[in-house]
Amino acid sequence: RYRGVIFDLDGVITDTARYHYLAWKKLADELGIYFDEVINERLKGVSRLESLEIILEKSDKKYSQEEKEYYANKKNEYYKEMIKRITPQDLLPGVERFIEELKKRGIKAAIASVSKNAFTVLENLKIKDKFDYIVDANEIKHGKPDPEIFLNAAKHLGIPPERCIGIEDSAAGITAIKRAGMYAVGVGNPETVKEADLILKDLSEAYKILELL
Ligand code: G6P
Ligand code: MG
């Protein structure tokens with residue numbers, strides 16, 4: 001029934017969601033703005049500038065567009081420093097095995113990430129070549145929860161959306177998958193991905209996805 005699987009990157013393939021959090025936390029601490037892991041759940045899957053807007057909700061100060069760009073860039077510098085250390089050992093449990101299994105069954109695989117650092121992360125993980133198609137922030141107009149990025153991936157795989165499965169760790173991402181008309185698999189924090197059709201701890205439980213194929 002399903003012929004394609006479209007993966008989010010951060011928090012699905014590797015735990016860069018943690019690094020995004022730590023980089024934002026460092027910036028928020030410097031600015032004296034309250035920020036915690038509960039607020040962070042809302043940042044998952046959301047673009048850099050939109051993430052900063054959410055963090056600034058807790059600040060009394062008004063920031064100009066220029067200042068916002070400056071701080072978003074500062075967070076990105078912290079983040080880039082952190083992802084330098086990523087190696088293939090940082091793949092989350094079950095990822096490699098699941099992708100191998102998809103290959104064996106002739107199922108196509110793509111990455112749909114709104115991160116401008118997606119290629120660096122994939123390169124450091126040495127996993128780039130395993131995907132039939134990769135779409136990142138440069139190719140889309142609207143970020144998640146807009147379905148554009150998932151529809152773009154399906155189109156390039158040459159598979160109708162209703163025959164695709166999307167995998168996400170963010171609320172915005174699950175909404176995007178559902179709006180694209182795909183089957184949504186949620187991993188990570190079960191509360192965050194509660195709208196998904198299937199919820200897994202991580203891809204070590206991917207056999208449950210294979211049962212759907
Ligand atoms: C992903 C992450 C978000 C991040 C966004 C932009 O969607 O889940 O936390 O804000 O990418 O990433 P970037 O690397 O471009 O700042
Ligand atoms: Mg994610």
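Read the figures in this text as sums done on the coordinates, not as results from a lab. Since the structure is predicted, the reported quantities are computational estimates derived from the model, not experimental observations. Don't worry about glycine lacking a Cβ; one is built from the backbone with ideal geometry, like all the others, and counts go over all protein chains shown.
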* **Structure-based [θ]222 nm, the chain - -39500 (n - 2.57) summed over DSSP H runs of at least 4, per residue, nearest 500** => -13000 deg cm²/dmol
* Place +1 on the Cβ of every Lys and Arg and -1 on the Cβ of every Asp and Glu in the chain, take the dipole about the Cα centre, and give the residue among Thr175, Leu22, Asn152 whose Cα lies farthest towards its positive end. => Asn152
* Asked: Rounded if a/c is under 1.5, else prolate if a/b beats b/c, else oblate: with a ≥ b ≥ c from the C-alpha gyration tensor eigenvalues square-rooted, which is the range 75-200?
  -> rounded
* Structure fact -> Simple SL model, points at 7 angstrom along Cα→Cβ for Lys84 and Asp202; separation in nm is 2.5 nm
* Asked: Stretched out fully, how many nm does the piece from Leu49 to Lys61 gain, at 0.36 nm a residue minus the Cα gap?
  -> 2.6 nm
* To do: Give me the number: length gained by fully extending Ala137 to Arg1, i.e. 0.36 nm times residue separation minus the C-alpha to C-alpha distance, one decimal in nm.
  => 46.0 nm
* Asked: What order do you get for 52-65, 28-41, 7-20 when each peptide is scored by the mean count of other beta carbon atoms within 10 Å, highest first?
  -> 7-20, 28-41, 52-65
* Summed side-chain charge close to Glu195 - residues other than Glu195 whose Cβ falls under 14 Å, Lys, Arg +1, Asp, Glu -1 -> 0
* Structure fact -> A correct fewest-to-most ranking of Met182, Met82 by other Cβ atoms within 10 Å would be Met82, Met182
* Asked: Where nothing but the Cβ of Lys and Arg (+1) and of Asp and Glu (-1) is charged, how large is the charge dipole of the range 11-168 around its Cα centre, in debye to the nearest 20?
  -> 420 debye
